[in-house]
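The values are calculated or read from the model by the stated rules, or taken from the named source; none is laboratory data. Keep in mind that what you see is a predicted model, and the values were worked out from it rather than measured. Quick reminder, even Gly has a Cβ in these numbers, built from the backbone with ideal geometry, and neighbours come from all protein chains shown.
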Amino acid sequence: MRNCFQLLFLLCVCLQSAALADDGDSAAEAAAEKAVQKTVQQAEKKMASQQYDFMLYQQMQQVANYMSQYCIQNKRWPEPGDQTQYVVKQLNELVPNNPYKPNDLQESQFFSTDSSYHYDDPTKDDFIPGAQSGAAGSADNVMPDTQLGTSTDLRVQLQFNPSLSAQMVKDWQTEAPLEWQAPPGSITAISNSQDLFVIWGSGANGKPIKSPNGTTRLYIGNVNMYADDMSDY
């Protein structure tokens, strides 16, 4: 009888040890799964951040193209006051969507010159774009459906810096100024109004976005359209 009790006791100990081992394995598996999930989330966050940075970089290019064309047509940088306010408004309508606010996308209204086909109702040949909102179906009455605030609230801004030089821009590529901090998605174009302008964009951390090699992403343009006027940049 005593031997039977001993055998039962040993069996209970073995079963308890096995249960504890199973609990340990489950805990280890749960910890490993949690670590994997954390790694995946970090990778997804990094990929999203890189995607947003690239989208901002593309918008910086659009701003640079606009400013280059403006300088070609006007042979100068916008003057302070009405000209600057007009250009700032145009730039913010050119790139209305902030990459770092994907839930806040804006769309612009548009119309088709093909009156025989419309996505709303292809069977209605007399459809007039914008008729439901009271707008006539002509380009003159179709305004961008964007919500722009005052010029100081807009994320694309122009700045004047009379001391801007090519050497300064080269230095900024290596190390951006400490005061270059702005809300994520902001784009700033700086010019000396003589020969040079530079554009930088603010990333998720409020600082200038960087290229994979660590340099500051910038767009550099010429105000007067002559290579010699860019201080040998």
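Cβ-Cβ contacts under 6 Å between residues 6 or more apart (or on different chains), taken from a first residue in segment 30-57 that is farther than 30 Å from Tyr219 by Cα and in the same structural domain as Val95 (by TED's automatic domain parsing) to a second residue that is part of a helix (DSSP H, G or I) and modelled with pLDDT under 70, are absent.
Consider segment 76-100 and keep the residues that are touching a Pro at 6+ places or on another chain (Cβ under 8 Å) and β-branched (Val, Ile, Thr). The one that is surrounded by the most Cβ atoms within 10 Å (Cβ to Cβ) is Val87.
A Cβ distance below 8 Å, combined with a sequence gap of six or more or placement on separate chains, defines the contacts here; from segment 188-202, residues that are more than 20 Å from Gln58 (Cβ to Cβ) reach residues that are of a type in the set (A, V, I, L, M, F, W, C) and part of a strand (DSSP E or B) in the pairs Ser191/Leu158; Ser191/Phe160; Ser191/Phe197; Ser191/Val198; Asn192/Phe160; Ser193/Phe160; Leu196/Ile220.
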